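The values are calculated or read from the model by the stated rules, or taken from the named source; none is laboratory data. Keep in mind it's a predicted model, so treat the numbers as computed, not measured. Note: ideal-geometry Cβ built from the backbone for every residue, glycine included; neighbour counts use all protein chains shown.
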Amino acid sequence: MRLHLRLLATALCMIFAQSTNSQAIEIFSNLGNPDSSSNAAIGYNSITSFNVIYAQGFTTGTSLYDLNSVDLPLAVTGAGNGSPLLQIYSDNAGNPGTALNATFTNPSFGAQSVYNLSLSAPFALAASTSYWLVVSDSTAASQTKFNWYYSDSFSAPTAQNGSGLTYLSAARSLNGGTAWTTNNVFAQTGITVNATAVPEPGTYILGAIATGVMAAVAYRRRQKRLLTI
C-alpha cells in the first residue's frame with residue numbers, strides 16, 4: 001500500500017509539473033524596449049519597392065511546442081496606414097518558402113505599441129524544423145505601409161526559457177515575396193514568440209498509472225470495509 005501511495009505521489013507531482021509548463025511562455029525573443037526611431041517600413045515604399053515584406057527565421061530544437069501568439073512593435077504611418085499580416089512560412093534553402101495553414105488575429109492597430117497577434121488555433125511546431133515568421137501589408141496594393149520597429153538591443157532573437165530554438169536568418173523582399181534577400185541586419189526588428197510546451201508521451205503514461213493506482217487503492221479499501229462487516 002505504501003509503495004502504491006509513493007508511486008501515486010510521484011506520478012501526480014510529475015503531471016503537475018507538466019501542467020504548469022503548459023502555460024504560454026516566451027520561447028524566442030529580442031524585444032526588450034522597442035527603439036522608437038529605427039524601423040522597417042512594410043508595404044508600399046516606391047515604384048520599385050512596391051510590396052516590402054520582412055521575415056524572421058528560426059529552427060526548433062528537440063522539444064515540441066504549440067505556437068500561440070507573436071508580439072511585434074508596430075505603428076501606422078502617414079502613408080495610408082497599412083494593415084499588418086503575419087504568416088508562418090516553411091523554409092526553402094534558407095529563405096521563406098510557402099505559407100503554412102495558420103491564421104493570426106490582429107488587434108486594433110494604430111499608434112506605436114507592442115501588439116499581440118494571436119493564432120485562432122495553436123500551430124504545432126515540429127522538432128528540429130525551420131520556420132519563418134513573415135510580416136507584410138495586406139493592403140500594399142493600395143500604396144499603404146506601416147512600421148515594424150527595431151529592438152533596443154539591435155540584435156537577433158535568441159531562445160528563451162530553455163526552448164532550444166536557434167536563430168536561422170532574416171530576410172526582406174521588395175516585390176511581395178517573389179525574390180528574397182537575407183541579411184542579419186533585418187533581424188534587429190523586434191519580436192517575441194509565445195508558445196506552450198507539448199507534454200511528453202511519458203506524462204500520459206504516468207497519468208494512466210496514477211489512475212490505476214487510485215482505482216486499486218479504492219478497491220482495496222472497499223474490500224477491507226466489506227471484510228469488517
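The table that follows gives values for the structure above.
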read-out: Selection status of Ser118, closer than 12 Å to Leu86 by Cα and either in contact with a Leu (Cβ under 6 Å, 6 or more places away or on another chain) or free of Cβ contacts under 8 Å to residues at least 60 places away in the same chain (or both); value: yes
read-out: Gly43 vs. criteria touching a Gly at 6+ places or on another chain (Cβ under 6 Å), at positive phi and of a type outside the set (Lys, Arg); value: yes
read-out: Residue within region 142-156 that is among the small types (Gly, Ala, Ser), touching a helix residue (DSSP H, G or I) at 6+ places or on another chain (Cβ under 9 Å) and loosely packed, with under 15 Cβ neighbours inside 10 Å present; value: yes
read-out: Unique residue being surrounded by 17 or more Cβ atoms within 10 Å (Cβ to Cβ) and more than 22 Å from Ala171 (Cα to Cα) when the list is Pro96, Pro107, Pro122; value: Pro122
read-out: Residue match in region 155-166 (condition: among the aliphatic types (A, V, I, L, M), modelled with pLDDT of 65 or more and farther than 20 Å from Asp91 by Cβ); value: no
read-out: Evaluation of Leu174 against (1) of a type in the set (A, V, I, L, M, F, W, C); (2) under 19 Å from Ile42 (Cα atoms); (3) surrounded by fewer than 14 Cβ atoms within 10 Å (Cβ to Cβ) (one fails), failing number; value: (3)
read-out: Count of residues meeting criterion [over 17 Å from the mean Cα position of the chain (by Cα) and assigned to a loop (DSSP other than H, G, I, E, B)] in region 75-118; value: 14
